[in-house]
Amino acid sequence: MNKAKLIDKIADDAGITKNCASRTLESMLEGIALALKHNERVTLAGFGSWSVAERKARAGRNPQTGATIAIKAKRAVRFRGAKQLDDDLNQ
């Protein structure tokens with residue numbers, strides 16, 4: 001499912017316009033991104049949680065040349081699905 005289909009589903013389920021559903025989804029995504037920027041964990045009960053993990057700098061290898069390259073440290077978003085979501089997927 002892509003963003004447009006998700007907006008259609010939200011609009012149909014809530015009985016609202018696609019424009020309103022789009023603004024709602026954008027607001028939610030911006031809220032999640034802002035919380036993650038501030039190193040906060042975001043949890044939606046029954047769905048899952050997003051958090052930020054620190055990745056250390058490491059050495060990597062260029063697959064074309066075999067040369068060793070330096071990979072910088074960075075922050076990465078992690079998602080962990082809730083047990084209820086896992087159970088629903090495996091029914």
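The values are calculated or read from the model by the stated rules, or taken from the named source; none is laboratory data. Here the structure is a predicted model, which is why all the values come from computation and not from measurement. Note: ideal-geometry Cβ built from the backbone for every residue, glycine included; neighbour counts use all protein chains shown.
Just to be sure I understand, how many residues within segment 47-80 are over 22 Å from E30 (Cβ atoms) and either under 14 Å from the mean Cα position of the chain (by Cα) or in contact (Cβ under 8 Å) with a residue 12 or more places away in the chain (or both)?
10
Restricting to segment 74-91, and then to whatever is loosely packed, with under 10 Cβ neighbours inside 10 Å and assigned to a loop (DSSP other than H, G, I, E, B), can you tell me which residue is modelled with the lowest pLDDT?
Filtering segment 74-91 for residues that are loosely packed, with under 10 Cβ neighbours inside 10 Å and assigned to a loop (DSSP other than H, G, I, E, B), the one modelled with the lowest pLDDT comes out as Q91.
Which residue pairs have Cβ atoms closer than 9 Å, lie 6 or more positions apart in sequence or on different chains, and pair a first residue in segment 6-29 that is on the phi > 0 side of the Ramachandran plot with a second residue that is of a type in the set (V, I, T) and surrounded by fewer than 13 Cβ atoms within 10 Å (Cβ to Cβ)?
If the second residue must be of a type in the set (V, I, T) and surrounded by fewer than 13 Cβ atoms within 10 Å (Cβ to Cβ), no pairs are left.
For segment 29-43, which positions are surrounded by 12 or more Cβ atoms within 10 Å (Cβ to Cβ) and either modelled with pLDDT under 95 or in a helix (DSSP H, G or I) (or both)?
Across segment 29-43, the qualifying residues are I32, A33, A35, L36.
With respect to A70, is the statement that it is touching a strand residue (DSSP E or B) at 6+ places or on another chain (Cβ under 6 Å), at pLDDT 95 or above and surrounded by fewer than 10 Cβ atoms within 10 Å (Cβ to Cβ) true?
Numbers: touching a strand residue (DSSP E or B) at 6+ places or on another chain (Cβ under 6 Å): no; at pLDDT 95 or above: yes; surrounded by fewer than 10 Cβ atoms within 10 Å (Cβ to Cβ): yes.
Taking the combined requirement at face value, the residue does not satisfy it.
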